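Below: one structure, written as structure tokens.
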């Protein structure tokens with residue numbers, strides 16, 4: 001049975017679903033709910049309203065929606081939870097040092113096909129590696145050149161990398 005048939009669209013309702021995909025270049029993506037056949041449109045403006053520019057595939061979301069002539073669209077996000085990550089597929093490297101301070105940084109470039117890119121801490125030209133696994137743990141799907149982030153830096157064998165990404169510092 002389609003759960004949407006039992007939902008009252010006259011009153012705002014909160015639903016929980018999972019991000020099917022989101023493309024920040026195109027400016028939209030879709031969310032699915034278990035047991036519901038239709039997808040819910042997630043527009044980039046709604047994501048921006050939550051303070052995000054991207055979201056990882058598989059992230060959990062709690063949201064409000066409305067019916068349109070073209071289907072259902074998400075009107076507000078209430079929460080985002082990280083996707084389930086299969087940690088058995090990626091070797092876990094223990095960093096030598098994790099710096100406690102969270103610092104502002106800007107994305108130099110990021111290639112989702114390669115699964116990595118580089119950021120620069122504000123005030124420094126030094127490249128800091130950022131991998132896609134860190135983005136997924138931080139509920140970000142991809143980064144665009146110029147995006148501002150708040151990061152925690154780790155160092156392994158003398159090389160710096162992003163250890164975690166947080167809400168803006």
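The values are calculated or read from the model by the stated rules, or taken from the named source; none is laboratory data. Everything quoted here is computed from the prediction, not taken from an experiment. Heads up, the Cβs are rebuilt from the backbone with ideal geometry, glycines too, and the neighbour counts pull from every protein chain shown.
So that you can scan it fast, the table gives a plain yes or no per residue for (1) in contact (Cβ under 8 Å) with a residue 60 or more places away in the chain; (2) under 23 Å from residue 59 (Cβ atoms):
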| position | (1), (2) |
| --- | --- |
| 98 | yes, no |
| 104 | yes, no |
| 111 | no, yes |
| 124 | no, no |
| 127 | no, no |
| 134 | no, yes |
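In this structure, does residue 110 turn out to be closer than 22 Å to residue 21 by Cα and assigned to a strand (DSSP E or B)? Considered against the rule, which asks whether it is closer than 22 Å to residue 21 by Cα and assigned to a strand (DSSP E or B), residue 110 comes out as yes. Just a yes or no: is a residue in the range 89-108 at pLDDT 85 or above, more than 16 Å from residue 164 (Cα to Cα) and either in the same structural domain as residue 155 (by TED's automatic domain parsing) or buried (at least 19 other Cβ atoms within 10 Å of the Cβ) (or both)? Yes, the range 89-108 contains at least one residue that is at pLDDT 85 or above, more than 16 Å from residue 164 (Cα to Cα) and either in the same structural domain as residue 155 (by TED's automatic domain parsing) or buried (at least 19 other Cβ atoms within 10 Å of the Cβ) (or both). For the range 35-74, the candidate set comprises residues that are over 25 Å from residue 115 (Cα atoms) and in contact with a helix residue (DSSP H, G or I) (Cβ under 7 Å, 6 or more places away or on another chain); within that set, the residue that is surrounded by the most Cβ atoms within 10 Å (Cβ to Cβ) is 74.
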